[in-house]
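The values are calculated or read from the model by the stated rules, or taken from the named source; none is laboratory data. Bear in mind the structure is a predicted one, so any value in this text is a computation, not a measurement. Every residue, glycine as well, gets a Cβ built from its backbone with ideal geometry; the counts of neighbours run over all protein chains shown. Areas reflect the complete protein model, heavy atoms only, side chains present, ligands, DNA and RNA absent. Shrake-Rupley method; radii C 1.70, N 1.55, O 1.52, S 1.80 Å.
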Amino acid sequence: AHDFPVNPNGQEVDGVSGIEQSYLTAIQSNAFQLSGPCCYSPILTKAINETIIAHNEVMKDPNSDIQYFILLILTNGQCCEQDKQPTKNLLIYASNNKLPLSIIIVGIGDNQNFDFLNELDGDFDPIKDDKGQIAKRDIVQLVAMKDFVKKVRHELSRDTLREIPIQCVSYVDK
């Protein structure tokens, strides 16, 4: 995946409405186009580094506020072959080190093959890193836009966010 802000000024936005407005503006202005294959490990590394800082702050000061991060990845589903194992390794690292992170992957575009993304979701078979370790926490949720084309909008929202409360609680209940 390419790591770029969809907000024209590159700044963070406030809340879901800020996210929606940034994406609508980017789409309407043709600010980006989907292409592939993607490399997910760079953006995962960036997100993991952010969560390590937040996690370490909480570990140093139990009275500090917990921060929980949700990484949203919009993708056509294709992944560079050489990035598949590094991506799995990073997901296992984040899961097994109990970092405050959930990852929502939204499969979009014309690609109908989300096999690798389904594998990352791990709802049926847990993924393994290159040492054979499996995820101790489920931190990935995949939704494919094609499954919601003829459904009402709230169903997409519900399925996209379905696992977040459980994932957050699994972090807090360490």
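Please give the peptides 12-22, 117-127 ranked by average Cβ packing (other Cβ atoms within 10 Å per residue), highest first, as a rough proxy for protection.
117-127, 12-22
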So who's got an amide H within less than 5 Å of the one on Leu101, skipping anything under 5 residues away but keeping other chains? H placed 1.01 Å off N, in plane. Phe69
Rounded, prolate or oblate, given the Cα gyration tensor of segment 1-149, with a/c below 1.5 counting as rounded? oblate
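Nearest 5 is fine: what % of DSSP beta bridges in the chain come out antiparallel, could you say?
Working: 1 of 14 bridges.
Expressed as a percentage, antiparallel bridges in the chain total about 5.
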If every Lys and Arg gets +1 and every Asp and Glu gets -1 at its Cβ, then about the Cα centre segment 121-162 yields a dipole, in debye to the nearest 20, of 220
Dipole axis of the chain (+1 Lys, Arg; -1 Asp, Glu on Cβ), positive-most option in Gln11, Thr25, Cys168: Cys168
Taking springs between alpha-carbon atoms closer than 10 angstrom, which of Gly132, Gly107, Gly77 fluctuates most in the Gaussian network model of the chain? Gly132
Under a 1.4 angstrom probe, counting protein chains only, how are Leu72, Leu156, Leu99 ranked by accessible area, largest first? Leu72, Leu156, Leu99
³J(HN,Hα) computed for each position of segment 116-126 - Karplus, 6.51 cos²θ - 1.76 cosθ + 1.60, integer Hz, glycine/proline x: 5, 5, 4, 4, 5, 4, x, 5, 10, 10, x
For the chain, built as a Gaussian network whose Cα springs stay under 10 Å, the top-fluctuating residue of Arg153, Arg137, Arg162: Arg153
Treating the beta-carbon of each Lys and Arg as +1 and of each Asp and Glu as -1, no other charges, what is the dipole magnitude of the chain about its Cα centre, to the nearest 20 debye? 160
Working with all protein chains in place, sort Met59, Met145 by solvent-accessible area computed with a 1.4 Å probe, largest first. Met59, Met145
Put +1 on the Cβ of every Lys and Arg and -1 on every Asp and Glu Cβ in the chain; which of Ile127, Thr87, Ser64 then has its Cα farthest towards the positive end of the dipole? Ile127
